[in-house]
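Each remark here refers to the structure printed beneath this line.
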Amino acid sequence: MNSKKFAVLISIVSISGFSQGMLLPLIAVIFENDGLSSSLNGLNAVGLYIGILLISPFMEYPLRKYGYKPVIVFGGLIVILSLALFPLWKAFWFWFLLRLCIGIGDHALHFATQTWITTASPKEKRGRNISLYGVFFGIGFAVGPLLTPLIKINESLPFILSSIMCFIAWIFILWIKNDFPEQTVETNSFIDTMKRFSSAMKYAWIAFLPPLAYGFLESSLNSSFPVYGLRIELTVVQISFLLTAFSIGAIVFQLPLGMISDKFGRRQTLITILFIGTVCFSFASVLETYLIGLIICLFLAGMSVGSTFSLGISYMTDLVPSNLLPTGNLLCGMAFSVGSLIGPYLGGVFIQYFQHISYFVVIATILLAVCLVIFIFGKKERKNHRLAEAK
């Protein structure tokens with residue numbers, strides 16, 4: 001993959017991150033100000049991730065048949081149109097439907113770009129390249145929440161601005177040359193795709209847990225935390241800066257962690273960062289009434305676990321055969337979506353019914369559980385993979 005093509009792909013991803021980073025806290029704050037319950041607020045947020053799960057089983061065949069570029073163009077167009085339609089009608093189920101469509105478009109875009117990058121990257125630079133992918137997504141995601149205060153000017157303004165920015169980035173994809181993943185004769189139907197799902201799970205089920213955990217973390221932090229923050233008397237501006245602190249932390253250490261994982265291994269790196277993330281969020285639960293302390297905790301948490309998704313993808317590429325890489329990338333996206341589906345609703349229910357327990361305790365518990373599973377089962381999975389490759 002040449003540098004020009006790589007630059008266009010990660011630029012597209014950064015704009016997608018921007019739209020996602022904006023939508024979650026923006027709509028959460030709008031609904032909270034309108035008096036909607038935290039559980040319904042969380043339910044609306046899962047529309048994006050339902051869209052990802054609905055489209056996932058049908059993504060691999062068009063990618064193999066038409067190539068990467070048409071899938072990215074299709075996904076980007078859906079996102080642009082959906083963002084532009086938000087100001088048209090402010091209604092719970094209409095916005096839920098638009099978020100579902102954005103989920104479909106975003107997943108098409110991410111699935112094609114990350115498969116393109118992982119397939120075209122040499123093994124010794126895979127962690128670095130996927131980390132750069134994560135860095136640019138993180139940059140967009142970090143900037144997104146900063147648009148939330150614009151609702152004081154006009155509720156429609158953030159949606160219109162993000163739609164225009166996505167359109168500008170989308171134009172550049174039209175100028176790059178299309179390419180295709182490694183072709184196999186057995187992927188011709190939905191049933192064949194399900195069989196490949198099963199094969200990829202046998203090789204790399206352990207690698208799908210970090211994307212699942214990150215999906216929970218990202219979606220609950222960006223949709224449930226604004227509600228929790230308002231209830232512990234933080235302002236909208238303070239919440240935006242806290243979310244941005246986490247995202248900036250993820251950006252700062254994304255590339256170094258990718259390079260570290262190339263040298264010392266994905267499993268060891270994942271265990272370390274998940275444990276550090278658990279400690280950071282545990283401290284955040286104690287320091288949540290101190291703004292500076294909370295900013296520091298979220299920044300350090302972002303530095304540690306902000307790379308969980310990209311490291312999970314890199315771990316998966318180490319475990320599966322090259323012809324299963326599109327399937328593995330698809331399953332990483334689905335795992336992320338399952339975690340993202342659970343996050344906002346569980347976070348909303350927790351805030352509503354467990355008012356005397358810190359919201360950060362939930363995140364710390366999830367991270368610790370995944371850390372322990374990878375610690376116990378990770379070596380076994382790598383051994384099984386080597387035996388399979390030897391055969």
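Miscellaneous remarks
- Using a Förster distance of 35 Å, the FRET efficiency for Thr272-Ala7 (Cβ separation, nearest 0.05): 0.70
- Accessible area of Tyr315 in the full protein assembly, 1.4 Å probe (Å², nearest 10): 0 Å²
- Protein accessible area in the range 68-226, 1.4 Å probe - carbon and sulfur %: 73 percent
- Placing Leu174, Leu147, Leu81 in order of accessible area, with the largest value first and a 1.4 Å probe, yields Leu81, Leu174, Leu147.
- You can think of it this way: the chain between His356 and Phe264 has 29.0 nm of extra reach, that is 0.36 nm per residue less the Cα-Cα gap.
- Ligands, DNA and RNA left out, the accessible area of the range 270-358 computed with a 1.4 Å probe is 76% carbon and sulfur.
- Answer label for semi-axes √(5λ) of the Cα gyration tensor in Å (calculated), chosen among (1) 31, 25, 18; (2) 33, 26, 23; (3) 36, 22, 19: (1)
- A full extension of the chain between Phe172 and Phe74 corresponds to an added length of 33.9 nm, given 0.36 nm per residue minus the alpha carbon distance.
- Set the Cα radius of gyration of the range 129-254 against 2.2 N^0.38 Å, with N its number of residues, and you get 1.41.
- Under the span-like rule (Cα at least 24 Å along the axis, Kyte-Doolittle mean at least 1.0), DSSP H helices of the chain: 3-33, 68-85, 157-173, 236-264, 266-287, 325-353, 360-390
- Sequence of Lys177, Lys90, Lys123 from largest to smallest accessible area, 1.4 Å probe: Lys177, Lys123, Lys90
- Given their separation in residues at 0.36 nm each and the Cα-Cα distance between them, Ile376 and Val252 gain 41.7 nm when the chain is fully extended.
- Per residue, the solvent-accessible area of the chain (1.4 Å probe, heavy atoms of protein chains only, all protein chains present) comes to 40 Å².
The values are calculated or read from the model by the stated rules, or taken from the named source; none is laboratory data. Note that the structure is a prediction, hence the values are computed from the model and not measured. Heads up, the Cβs are rebuilt from the backbone with ideal geometry, glycines too, and the neighbour counts pull from every protein chain shown. Keep in mind that these areas ignore ligands, DNA and RNA; they rest on the heavy atoms of the full protein, side chains included. Shrake-Rupley method; radii C 1.70, N 1.55, O 1.52, S 1.80 Å.
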